Amino acid sequence: MKKPSFENIANMFLKNFFQGLVIIGPIGLTIFVIWYIVSAIDNLVPSLAKQVPGLVFVSIILFTAILGYLGNKFVVGRFFFDTMDSLLEKTPGVKHIYTPTKDVMSSFVGDKKKFNDPVWVKTNENPEIWRIGFLTQKEMSDVDKHNYVAVYLPHSYAISGWVIVTEEKNIKPVVGMTAASAMKFAVSGGVAGFHSDENIFKAPE
C-alpha cells in the first residue's frame, strides 16, 4: 500500500478544514450577530442588564409588539401614531431623519412593503444580460420619464443596492419565485433561493 504523501495529507486537511468552515461559519456568525444585538439593547439599561441579563431586550421586543398591535387594531392608537407621524414629517430638521428612515424600514417590513414585485431587468443588449431586481415605481411620468420604471437592484453579499430607471420594455416579471426567494437569490449571488430553499451550488467532492 502506497504511503500517503505530505501533499496528499495537507490537501485532505485543507479540504476538511474548509468544509468545517462552511458548517461552523454561518452558525457562528448568526450566534455572534444575535449576541451583539441582545447585548447592545441590554446595555441601554446597564444596571438592570447586570441583574437580569436579557430582560431589557425581551421588554423592548414586547413593548414594540404591543405598540404595533395598538397602532393597527385600535382607532385611538392609530390616531395617536398618525398624529405623531404627521408632526415628525413636518418638523424642520427632524423630518430629514425621520422620513427617510420610515420609508426604508416600511419598504422591508410592515403592511406597505415595497420589495414585493421581483422583475428581470435587461441591463445590456449585446450580449444580452439580465439582472434580478424589484420594481419600486411603475411609472415615472411625474419626472417627465414617460414609459419608464424604477427598479431596485440589490448587491450580492451586502445590504446595499442601487436604483436604475429604465424603459418598461426592458423588464419582465419573475415567474417561479416569491419576493423572498428572489431577494435570497440576488443577495446570495445566485447560490440560493431559486425555486426552493436548497442551494444550487454544491461544493465539489
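The values are calculated or read from the model by the stated rules, or taken from the named source; none is laboratory data. The structure displayed is predicted, hence computed values, not measured ones. Neighbour counts run over all protein chains shown; Cβ positions are idealised from the backbone, glycine included. We work out accessible area using only protein heavy atoms, side chains counted, and drop any ligands, DNA or RNA first. Shrake-Rupley method; radii C 1.70, N 1.55, O 1.52, S 1.80 Å.
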(request) Quick one: P154 ticks every box in (1) closer than 16 Å to F185 by Cα; (2) surrounded by fewer than 15 Cβ atoms within 10 Å (Cβ to Cβ) except a single one, so which number is it? (result) (2)
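To keep it simple, each residue is scored yes or no on (1) out of contact with any His (no Cβ under 8 Å at 6 or more places or on another chain); (2) open to solvent by less than 50 Å² (accessible area, probe 1.4 Å); (3) within 14 Å of N116 (Cα to Cα); (4) at pLDDT below 80.
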site: T166; (1), (2), (3), (4): yes, yes, no, no
site: K169; (1), (2), (3), (4): yes, no, no, no
site: V175; (1), (2), (3), (4): yes, no, yes, no
site: G190; (1), (2), (3), (4): yes, yes, no, no
site: I200; (1), (2), (3), (4): yes, no, no, yes
site: E205; (1), (2), (3), (4): yes, no, no, yes
(request) Could you check, for region 49-64, whether at least one of its residues is free of Cβ contacts under 8 Å to residues at least 24 places away in the same chain, within 30 Å of V191 (Cβ to Cβ), out of contact with any Gly (no Cβ under 8 Å at 6 or more places or on another chain) and hydroxyl-bearing (S, T, Y)? (result) no
(message) Here are the criteria: (1) free of Cβ contacts under 8 Å to residues at least 60 places away in the same chain; (2) surrounded by 11 or more Cβ atoms within 10 Å (Cβ to Cβ). Tell me which single one Q19 does not satisfy.
(response) (1)
(message) Can you tell me which condition M105 does not meet? The list is (1) modelled with pLDDT under 75; (2) at positive phi, and all the others hold.
(response) (2)
(message) Give all pairs with beta carbons closer than 8 Å in which a residue from region 120-144 that is surrounded by fewer than 14 Cβ atoms within 10 Å (Cβ to Cβ) meets a residue that is among the β-branched types (V, I, T); count only pairs at least 6 apart in sequence or on separate chains.
(response) I129/T123; K138/V149; E139/V149
